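Let me begin by presenting the structure, written as structure tokens, before commenting on it.
The values are calculated or read from the model by the stated rules, or taken from the named source; none is laboratory data. What you are looking at is a predicted structure, and each value in this text was computed from that prediction instead of being measured. Ideal geometry is used to build each Cβ from the backbone, glycine not excepted, and the neighbour counts take in all protein chains shown. Heavy atoms of the whole protein, side chains included, go into the accessibility calculation; ligands, DNA and RNA do not. Shrake-Rupley method; radii C 1.70, N 1.55, O 1.52, S 1.80 Å.
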Amino acid sequence: IGTTYFRDEQIPVYKAKSIIHSSNKPTFSFEGIIPTSPDWFDLSEIFKRHNSNMRFPYQNNYPVKHWEKGYCTANNIKEVESIFEEFIVSGKDRKIKNITDSFDDSNIIAREIDGKKFILELKYPTKFINTILILLSLPIILFFIVAIKVGLHSVSDVIGFVVTILIIIGLEIYSNLRLKRETIILDINGVIAKYPIRKQKILNWENISEVKFSKSKDYIDIGNNNGLKIRISQHHQSFRRFCIIAKNFIGSETNKKIFDTVIKRGTA
């Protein structure tokens, strides 16, 4: 922004715009084929969701079929592999190879990522769980207020009050247990639903015959011809990622279009 004199020497003066700190995450280099512009943004978004970052050449002319070199940060190599596996199975013609520790180019950690170990877990977010539990707690507070204001005039009133409170508390405990421990797992073989009380459900991709999107727009049901059904709620974390990835595994074009509908809504 100008100059000044220091010990009879004219030196430049700078106005600090930002302070850059060294990262506490390791940096990796990799080679990739990112076919289209949406693929580039998809990879960037996946890294952001993992609180990491990537740098890869953005092309003006797509589709791209040649290899380019890029860089990324992550907590460890397992996280890098997980991110790239998710990226690979989310679209077509995406390729990643030669993941390397950037400070030692001779140390190639992973020759090629093909998505064979890919796993995506969907859980209910903490904010959603807390909101449900607060709503379930309101009737308990209301019953106590009523009991104080109106009063309990007989034994039957007391018994009814206690039973009602116990039912509501039981419902809250069950809801808390279910919301925290219910997990939807997506991998290259199919979908697994794990529940805290019920038996887990497993649907292989080749056996999924039906996909339904509810009229209320808050969940997707996938099932087979034997009546086995798994429900995935929009309140699950990474619901939209689930739809993007599942679309590439589902064989039926009709079912692909249903996932497309959910993805394009933008609110999923």
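Brief remarks follow.
- Picking from residues in the range 161-181 that are more than 24 Å from the chain's Cα centre (by Cα) and surrounded by 13 or more Cβ atoms within 10 Å (Cβ to Cβ), the one that is modelled with the lowest pLDDT is F161.
- Test: residue in the range 246-264 that is in a loop (DSSP other than H, G, I, E, B), touching a helix residue (DSSP H, G or I) at 6+ places or on another chain (Cβ under 9 Å) and under 30 Å from L136 (Cβ atoms): no
- Restricting the range 183-205 to residues that are open to solvent by less than 80 Å² (accessible area, probe 1.4 Å) and among the charged types (D, E, K, R), the residue that is nearest to K247 (Cα to Cα): D187
- For the residues S23, S18, S29, the requirement of being open to solvent by less than 90 Å² (accessible area, probe 1.4 Å), over 24 Å from I188 (Cβ atoms) and either part of a strand (DSSP E or B) or at pLDDT 95 or above (or both) singles out S29.
- Extreme residue, nearest to F249 (Cα to Cα), among residues of the range 224-236 that are open to solvent by 60 Å² or more (accessible area, probe 1.4 Å) and within 18 Å of the chain's Cα centre (by Cα): R231
- Residue count for the range 38-62, restricted to those that are touching a helix residue (DSSP H, G or I) at 6+ places or on another chain (Cβ under 9 Å), surrounded by fewer than 15 Cβ atoms within 10 Å (Cβ to Cβ) and at pLDDT below 90: 2
- Pairs are defined by a Cβ separation below 9 Å, a sequence spacing of at least 6 or placement on different chains, a first member in the range 56-83 that is in a strand (DSSP E or B) and of a type in the set (D, E), and a second member that is modelled with pLDDT of 90 or more and surrounded by 14 or more Cβ atoms within 10 Å (Cβ to Cβ); the pairs so defined are E68/E31; E68/G32; E68/I33; E68/I34; E68/F56.
- Scanning the range 206-223 for residues that are more than 20 Å from the chain's Cα centre (by Cα) and either closer than 15 Å to E182 by Cα or open to solvent by less than 30 Å² (accessible area, probe 1.4 Å) (or both) yields I208, V211, S214, G223.
- Close pairs from the range 17-32: first closer than 15 Å to I109 by Cβ, partner among the β-branched types (V, I, T) and not in a strand (DSSP E or B), Cβ under 6 Å, at least 6 apart: F28/V80
- Count - residues of the range 84-110 that are modelled with pLDDT of 90 or more, in a strand (DSSP E or B) and either open to solvent by 40 Å² or more (accessible area, probe 1.4 Å) or aromatic (F, W, Y) (or both): 2
- Single condition P125 does not satisfy, out of (1) under 24 Å from the mean Cα position of the chain (by Cα); (2) open to solvent by 70 Å² or more (accessible area, probe 1.4 Å): (2)
- Residue match in the range 215-235 (condition: closer than 30 Å to I141 by Cα, in contact with a Pro (Cβ under 9 Å, 6 or more places away or on another chain) and not in a loop (DSSP other than H, G, I, E, B)): no
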